[in-house]
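The values are calculated or read from the model by the stated rules, or taken from the named source; none is laboratory data. Quick caveat, the model's predicted, so the values are computed rather than measured. So basically every Cβ, Gly included, is an ideal-geometry build from the backbone, and we count neighbours across all protein chains shown.
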Amino acid sequence: MNGKGEVRTRRALAQHWLKSESALDSIVRAARCTKDDRVLEIGPGTGVLTRRILPLVEALISVEIDRDLCKMLVKEFGKRENFLLLQGDFLELDVESQLGNFEKFQNQNKVVANIPYNITGPIIEKLLGTIANPSLRPYELIVLLIQKEVAERIVAKPGSRTFGALTVRVQYLAECEYICTVPASSFHPAPKVDSAVVKLVPRQLERQASDPKFLETIVKLGFSAKRKMLRNNLQSIIERDELTTVLEGLHINPQARGEDVGVEQWVQLSNELKEKAKQDNASEDDRLLEAKGHDRFDDSDIDAIDEDDV
Ligand code: SAH
């Protein structure tokens, strides 16, 4: 606490306290919490969202890194039977293994959180997995408050400038919905950027890419030089002319760029190219080895779009 009775904030931990009741309403409404839910919250902070979720659900487990905040949270919520607090770095913590003796908190089915924005990519990756290694036990529903710009990338439609590798990676794994914008002034202290609530519903992945690792590789390559045509970005995998034929076969404009191709089409493209690689066998395998896969939800996806046009 500082002299004014406010909880002090640590910038390095991306601490911005949400003070908008309507934003809290939107988050809770999108999460459709019921007494059957076991919810995971990341970064409860001073507990504004915790306070809202707790009365609605069977169990709430919150993970907070800041020791002082944990003390406050224990003071306020410690006696509630359906509340469990884990102190630690969410990215490092194996939450399930910490719950050995707390059967009631195991197998959370939802995630509801206003997360620290500096680690948005890694958090989403931990929640959903990657294209090559999707989460084996996906959540039913994930509702997050994140930076607006990242939310726009996650829900982007093909052809939009915000469509990128992050879009394909997240939309492959989950259905994504933009719920609402939350202006910077809804927080204390106000962050530099606006925020947005997003809802992610992890998909059933049976009918997806025949080789997810390969899809990951071509997505990485396909967006490696932004605003370049796919047939240039994918040259290390397939000859330009050959790719043109494949794209035409899939009714994709041969001059398409990564951002013009929707997630379903990326999956089809991956399956087609894989099939081709099988036919052309040995020489293709060598080339694929050179084209190293990349599966991180890292910040390179959040860079400004450059003007590397062809
Ligand atoms: N949910 C609160 C606070 C959001 S600010 C609110 O809406 O007001 C982000 C919170 O995440 C802070 O409490 C911060 O201490 C916590 N945090 C930051 N990095 C973390 C990490 N790696 N693991 C868990 N919590 C983290």
Legend entry - Residue pairs meeting the criteria (Cβ under 7 Å; at least 6 apart or on separate chains; first farther than 13 Å from Q106 by Cα and aliphatic (A, V, I, L, M), in region 29-48; second more than 6 Å from the ligand (Cβ to nearest atom) and part of a loop (DSSP other than H, G, I, E, B)): I42/I115
Legend entry - From E92, E140, residue being away from the ligand (no atom under 15 Å from the Cβ) and exposed (fewer than 15 other Cβ atoms within 10 Å of the Cβ): E140
Inset, instruction - Collect the residues in region 14-28 that are closer than 28 Å to Q106 by Cα and surrounded by fewer than 16 Cβ atoms within 10 Å (Cβ to Cβ), keeping them in residue-number order. - result: D25
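Quick grid of which residues meet (1) of a type in the set (A, V, I, L, M); (2) away from the ligand (no atom under 16 Å from the Cβ); (3) in the same structural domain as L18 (by TED's automatic domain parsing); (4) modelled with pLDDT of 95 or more:
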residue: V150; (1), (2), (3), (4): yes, no, yes, yes
residue: R153; (1), (2), (3), (4): no, yes, yes, yes
residue: K157; (1), (2), (3), (4): no, yes, yes, yes
residue: R161; (1), (2), (3), (4): no, yes, yes, no
residue: L166; (1), (2), (3), (4): yes, yes, yes, yes
residue: C180; (1), (2), (3), (4): no, no, yes, yes
Inset, instruction - Could you please let me know if L145 is assigned by TED's automatic domain parsing to the domain that holds S20, surrounded by 21 or more Cβ atoms within 10 Å (Cβ to Cβ) and on the phi < 0 side of the Ramachandran plot? - result: yes
Inset, instruction - Might you let me know whether region 151-161 holds any residue that is acidic (D, E) and surrounded by 17 or more Cβ atoms within 10 Å (Cβ to Cβ)? - result: yes
Inset, instruction - With respect to T34, determine if the residue is polar (S, T, N, Q) and within 11 Å of the ligand (Cβ to nearest atom). - result: no
Legend entry - Of all residues making up region 213-243, the number that are over 23 Å from T162 (Cα atoms) and in a helix (DSSP H, G or I): 6
Inset, instruction - Inspect all residues belonging to region 158-176 and state whether any of them is over 18 Å from the mean Cα position of the chain (by Cα) and of a type in the set (D, E). - result: no
Legend entry - Hey, L86 more than 15 Å from L60 (Cβ to Cβ) and aliphatic (A, V, I, L, M) or not: no
Inset, instruction - Can you tell me which residue among K79, K110, K104 is surrounded by fewer than 17 Cβ atoms within 10 Å (Cβ to Cβ), more than 8 Å from the ligand (Cβ to nearest atom) and modelled with pLDDT of 95 or more? - result: K79
Legend entry - Odd one out for I123 among (1) under 23 Å from V28 (Cβ atoms); (2) more than 9 Å from the ligand (Cβ to nearest atom); (3) of a type outside the set (F, W, Y); (4) part of a helix (DSSP H, G or I): (2)
